[in-house]
1. Can you tell me how many residues within region A:233-255 are more than 7 Å from every other protein chain (Cβ to nearest Cβ) and either assigned to a loop (DSSP other than H, G, I, E, B) or in contact (Cβ under 8 Å) with a residue 60 or more places away in the chain (or both)?
2. Mind checking which residues of region A:180-211 are within 19 Å of A:Ile289 (Cα to Cα) and assigned to a helix (DSSP H, G or I)?
3. Restricting region A:165-180 to residues that are of a type in the set (Phe, Trp, Tyr) and open to solvent by 70 Å² or more (accessible area, probe 1.4 Å), which is farthest from A:Ala148 (Cα to Cα)?
4. Evaluate region A:291-305: report whether one residue or more is within 14 Å of another protein chain (Cβ to nearest Cβ), open to solvent by 10 Å² or more (accessible area, probe 1.4 Å) and in contact (Cβ under 8 Å) with a residue 60 or more places away in the chain.
5. What's the number of the condition B:Asp107 fails, among (1) without any contact (Cβ under 8 Å) to a residue 40 or more places away in the chain; (2) over 19 Å from the mean Cα position of the chain (by Cα); (3) within 20 Å of B:Ser174 (Cβ to Cβ)?
6. Can you tell me how many residues in region B:203-232 are in contact with a Lys or Arg (Cβ under 9 Å, 6 or more places away or on another chain) and among the polar types (S, T, N, Q)?
7. Checking the structure you have, find out if any residue of region A:256-270 is within 12 Å of another protein chain (Cβ to nearest Cβ), at pLDDT 90 or above and part of a helix (DSSP H, G or I).
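The values are calculated or read from the model by the stated rules, or taken from the named source; none is laboratory data. Just so it is clear, the structure is predicted and the values come from calculations on it, not from any experiment. A quick note on method: Cβ atoms are made from the backbone with ideal geometry, for glycine too, and the neighbour counts reach across all protein chains shown. All accessible areas refer to the heavy atoms of the entire protein, side chains included, with ligands and DNA or RNA removed. Shrake-Rupley method; radii C 1.70, N 1.55, O 1.52, S 1.80 Å.
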Amino acid sequence: MTSVSEPAPKSNRSFNLTSAQRSRIFLNIIGIVILVLLVWRIYIVAVDRAYPIQYWAFQVINGLVLGGVYSLIALGYTLVYGILFMINFAHGEVMMMGGFAGFFTLQLMNSLGWSDGTPLQSAATVFFAILAGMIVSVLTGITLERLAYRPLRGAPRLVPLISAIGASFFLQYTALLLFGAIPHNYNKPSIISGGISVGDTGIFISYTGAFIFVAGILLMMGLFFIVQRTKLGRAMRALAEDKETAALMGIDVDKVIVLTFALGSALAGAGGVMLGFHNTVMRFNTGFIPGLKAFTAAVLGGIGNIRGAMFGSILLGVLEALGPSALGLPTEYKDVIAFSILVLVLVFRPTGLLGEVLSEKKA
Amino acid sequence: MALLVVKDVHTYYGKIHALKGLSLTVDEGEIVTLIGANGAGKTTTLRTISGVLKPRDGSVEFDNEDLASFRAHEIVYKGVSMVPEGRGIFSRLTVFENLDLGAYHRDDDDGIKQDFEKVYSLFPRLYERRKQVAGTLSGGEQQMLATGRALMARPRLMLMDEPSMGLAPILVESIFDTIHEINQEGTTILLVEQNAHMALQVAHRGYVLQTGEIVLHDSAESLRENEMVKKAYLGME
């Protein structure tokens with residue numbers, strides 16, 4: 001302890017702010033300005049346009065459905081990140097592959113007459129399309145892990161990320177080569193066509209939307225159960241904390257990583273088919289934007305955090321659906337809103353809304 | 001009967017030659033301690049035995065079987081479990097989940113239940129806190145958890161990496177009492193320690209490790225009396 005140097009930095013600190021503190025204050029001011037501008041704009045638009053309540057309800061329902069699809073994809077990002085601290089940027093393409101598997105299943109079922117057959121046949125069509133999507137996505141996901149990520153496991157974190165981007169393009173152009181550039185129309189089975197009006201409120205709920213939301217929730221509950229209650233889930237959580245110690249407990253690390261990819265891909269495959277039902281078309285590049293949106297949702301909720309991915313997805317879906325109307329912008333701007341949210345989250349709250357995990361040793 | 005035979009092992013961290021022809025044996029029922037300064041290669045030795053690191057040369061045999069071709073998790077199946085350096089508990093999992101992971105590869109539910117009872121009676125504190133997230137435990141409790149977790153594998157050989165590190169002297173005493181107790185019940189122990197004083201009291205035999213090589217090997221009693229050990233590791237002039 002030198003008594004000479006001790007007081008000097010202390011007095012410095014009490015009068016001058018560190019550069020980190022200064023930039024935080026600066027950011028907060030910018031944040032407040034952005035917030036005020038947004039609120040002002042929303043107020044003006046609300047007064048100006050005065051949309052009826054049915055319109056808002058319609059948008060919220062739309063947002064919830066979209067959010068349900070996003071969360072199925074976002075969970076894949078978050079599961080893999082939780083264990084490997086790596087963003088699997090090819091995840092959107094894994095979903096797209098599942099979407100195509102669903103498309104071909106629907107074609108097949110349609111040619112058999114099941115798609116618009118009895119309610120049972122039609123329901124079976126939906127089931128098989130989703131099952132096929134899940135299977136193909138799982139195969140794509142675990143192949144990807146094996147070929148593109150596992151050989152790079154010891155490498156610096158940027159390396160598998162670049163590999164993932166490469167894999168993303170590879171899968172996109174493989175789909176382009178296999179299926180062509182034309183949009184493929186999804187044959188919607190009769191059981192999820194149409195919808196109902198809620199009383200005489202004028203609010204309309206499509207069966208497709210309701211199905212996507214409910215099936216999405218069920219799949220997520222299944223995932224939650226696996227992660228929280230099963231032996232595999234316990235091993236996954238142990239691996240997320242410390243891979244070497246997990247191996248010392250007799251956990252086959254490679255196997256658990258493959259199963260993690262499989263779980264995430266299965267959800268993405270189901271999400272791909274649901275997205276097909278929702279958008280009614282599937283194309284080779286269909287996975288790209290929803291993949292980025294789901295990534296945004298995962299970051300918004302706090303990446304690596306399962307609850308965060310679900311919450312972030314629903315929130316993003318609703319914000320994206322409401323945003324254009326609330327801000328008085330054309331609906332084509334919804335992507336701008338989603339990615340602005342990504343930038344704002346990364347700048348103002350990089351750990352996401354529910355993410356406290358990152359601050360430990362993951363960051 | 002030799003349970004563990006490490007023969008002329010060379011282990012590298014990249015280009016760093018960490019173990020330079022290390023050999024040691026551990027007989028069934030023994031407590032053997034490996035003492036040495038920071039960076040001597042104590043942890044590296046344990047990581048090599050447990051299969052996390054693979055030796056470039058030499059062999060590790062457990063129960064007359066060469067472990068070279070087995071991966072870390074498979075070596076656990078053989079009956080080797082580890083209390084890792086810095087305890088390595090899973091801080092976001094509960095105490096119960098941590099212990100249960102120790103028995104990850106086992107499917108004899110009755111045996112696992114028995115071992116839970118055994119661990120809980122050895123460490124009643126863990127039973128009280130079984131539903132608590134392990135990150136909230138004190139250092140001493142975390143050491144109990146790491147030890148209990150290694151016992152849940154029902155190991156024949158238990159590797160312990162510095163169990164006394166960072167603990168208050170009174171807790172150190174109780175940890176060494178526990179080590180003695182575990183050994184009395186039939187588990188062979190290879191104990192790595194910087195606290196040579198305590199380690200040589202509980203162990204039957206000891207090895208002294210210096211910069212990746214064994215420089216001394218004797219019964220614990222003789223090592224306690226050895227001038228070099230006294231000076232370098234027991235702090236006696």
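1. So the answer is 4.
2. Restricting attention to region A:180-211, the residues satisfying the condition of being within 19 Å of A:Ile289 (Cα to Cα) are A:180-186.
Residues satisfying the conditions do not exist here.
3. Of region A:165-180, the ones of a type in the set (Phe, Trp, Tyr) are A:169-170, A:173, A:179.
In the following step, the residues that additionally are open to solvent by 70 Å² or more (accessible area, probe 1.4 Å) were identified as A:169-170, A:173.
Details: A:Phe169: 13, A:Phe170: 11, A:Tyr173: 16 Å.
By that ranking, first place goes to A:Tyr173.
4. yes
5. (3) is the only condition that B:Asp107 fails.
6. Here the count works out to 2.
7. Residues of region A:256-270 that are within 12 Å of another protein chain (Cβ to nearest Cβ), as a first pass: A:256.
From what is left, the residues that are at pLDDT 90 or above are A:256.
Of the ones still in play, those that are also part of a helix (DSSP H, G or I) are A:256.
Checked against the condition, which is being within 12 Å of another protein chain (Cβ to nearest Cβ), at pLDDT 90 or above and part of a helix (DSSP H, G or I), region A:256-270 yields at least one hit.
Matching residues to (1) open to solvent by 30 Å² or more (accessible area, probe 1.4 Å); (2) over 30 Å from A:Ala101 (Cα atoms); (3) within 22 Å of the chain's Cα centre (by Cα):
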| site | (1), (2), (3) |
| --- | --- |
| A:Ile182 | yes, no, no |
| A:Ser197 | yes, yes, no |
| A:Thr208 | no, no, yes |
| A:Val227 | no, no, yes |
